[in-house]
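Trainee: Structure provided below as structure tokens; questions to follow.
The values are calculated or read from the model by the stated rules, or taken from the named source; none is laboratory data. No experiment lies behind these values; they were computed from the predicted model shown. Cβ placement follows ideal geometry from the backbone for every residue including glycine, while neighbour counts extend to all protein chains displayed. All accessible areas refer to the heavy atoms of the entire protein, side chains included, with ligands and DNA or RNA removed. Shrake-Rupley method; radii C 1.70, N 1.55, O 1.52, S 1.80 Å.
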Amino acid sequence: MRGWALHDRGWMLAKCQMLDQMQCEENTWSEDGASSCNQCPDGYMSHAGATSQQDCHSQWCIDENDRNGAAYRGNVSRTRSGIVCQRWDAQYPHKHKQTPEEKPDAGLEENYCRNPDGSNWAWCFNSEGNYPRWEYCDIPACKKDCVDDDDEDGSAYRGKVAQTISGKTCQRWDSQSPNKHKQKPGDKPAAGLEDNYCRNPDGSNGAWCYNGEGTSPRWEYCVIPSCSSQEDDEEMEECDAGHYMTEDGCMQCEENTWSEDGASSCNQCPDGKMSNAGSTSEDDCHHEPCAM
């Protein structure tokens with residue numbers, strides 16, 4: 001019995017101290033030496049075994065810095081007219097050269113919309129018939145309600161400001177009333193002409209829109225803050241480590257969680273580990289005492 005007890009005790013100790021060597025699941029990632037996997041941000045996904053948050057890709061929108069959707073790795077699989085996409089590894093009904101074998105870095109998985117050939121936007125072949133052979137996909141650009149400092153003319157802006165400098169509501173880009181125009185979403189799929197949001201599809205000096213309230217003026221520029229000014233505001237409101245930001249201000253992280261400076265939420269300690277309230281690092285998470 002003594003020998004069994006020693007064996008049982010050793011097994012429990014090994015179990016208590018064992019480090020996870022499992023691959024991170026889909027939609028999570030970890031760096032070297034991690035004891036747990038980090039969740040991708042809401043609305044983002046990753047393959048199993050992802051090694052950085054940069055491996056997390058948006059499911060439903062194209063990153064604002066990805067001008068033509070070449071980096072999109074989401075799972076939208078219908079064209080803008082509603083046609084189901086053809087699988088990239090299939091040659092029916094359309095024969096093609098955009099195959100996973102030919103372009104292993106283009107993300108040609110299943111029948112998801114992609115841009116493997118430098119087109120203007122993510123697209124796919126038509127799986128439902130011969131015509132059209134292919135179409136662009138209706139994937140919106142990810143929203144960002146500020147203009148990057150290096151985006152001098154606002155052409156990359158994909159936020160939701162929809163009011164001109166004088167306070168007029170913008171006209172929808174897919175509407176020809178009250179102002180007729182040629183800046184149509186179908187003609188400029190990479191310009192982000194969604195709803196009535198301010199955009200710059202023609203190389204103007206800044207983001208603008210047509211006047212949705214009348215014909216005079218026909219159009220006006222919009223007032224959109226710079227991202228650097230928003231970041232300055234956010235830095236002033238950051239919480240200390242061990243706390244997280246809420247609508248009511250900074251709150252302390254609960255037991256078995258932790259956070260670093262400026263966190264908007266608390267991270268859970270890995271399974272089998274615990275921490276005190278207000279912990280400031282994953283190093284504060286320690287194993288629960290093993291039952292003997």
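Trainee: Which members of segment 143-183 meet the condition of being over 14 Å from Leu193 (Cα atoms) and among the hydrophobic types (A, V, I, L, M, F, W, C)?
Mentor: Once the filter is applied, which keeps residues that are over 14 Å from Leu193 (Cα atoms) and among the hydrophobic types (A, V, I, L, M, F, W, C), segment 143-183 yields Cys146, Val147, Ile165.
Trainee: While we're looking at this one, here's another question. Only one of Gln163, Gln171, Gln176 is farther than 21 Å from Asn120 by Cβ and open to solvent by less than 30 Å² (accessible area, probe 1.4 Å); which?
Mentor: Exactly one of Gln163, Gln171, Gln176 is farther than 21 Å from Asn120 by Cβ and open to solvent by less than 30 Å² (accessible area, probe 1.4 Å), namely Gln171.
Trainee: Follow-up question, since we're still on this one. Among the residues of segment 146-160, are any of a type in the set (A, V, I, L, M, F, W, C) and touching a Leu at 6+ places or on another chain (Cβ under 6 Å)?
Mentor: No, segment 146-160 has no match at all.
Trainee: Within segment 141-170, how many residues are closer than 14 Å to Tyr221 by Cβ and either in contact (Cβ under 8 Å) with a residue 12 or more places away in the chain or among the aliphatic types (A, V, I, L, M) (or both)?
Mentor: 13
Trainee: Then there is this: Restrict the check to segment 66-75 and report whether at least one residue is among the polar types (S, T, N, Q) and within 20 Å of the chain's Cα centre (by Cα).
Mentor: Yes; the residues of segment 66-75 include at least one that is among the polar types (S, T, N, Q) and within 20 Å of the chain's Cα centre (by Cα).
Trainee: Okay, next question. Cβ-Cβ under 6 Å, sequence separation 6+ or interchain: first residue in segment 122-140 and under 15 Å from Ala71 (Cβ atoms), partner among the hydrophobic types (A, V, I, L, M, F, W, C) and open to solvent by 40 Å² or more (accessible area, probe 1.4 Å). Which pairs?
Mentor: These pairs meet every condition: Trp123/Trp134.
Trainee: Write out, first by first residue and then by second, each pair whose Cβ atoms fall under 8 Å of each other, whose residues are 6+ apart or on separate chains, and whose first residue, in segment 181-198, is aromatic (Phe, Trp, Tyr) while the second is not in a loop (DSSP other than H, G, I, E, B).
Mentor: Tyr197/Cys170; Tyr197/Cys209
Trainee: Let me ask you something else. Could you look through segment 241-270, keep only residues that are at pLDDT below 85 and outside any strand (DSSP E or B), and pick out the one that is surrounded by the fewest Cβ atoms within 10 Å (Cβ to Cβ)?
Mentor: Only one residue tops the list, namely Glu247.
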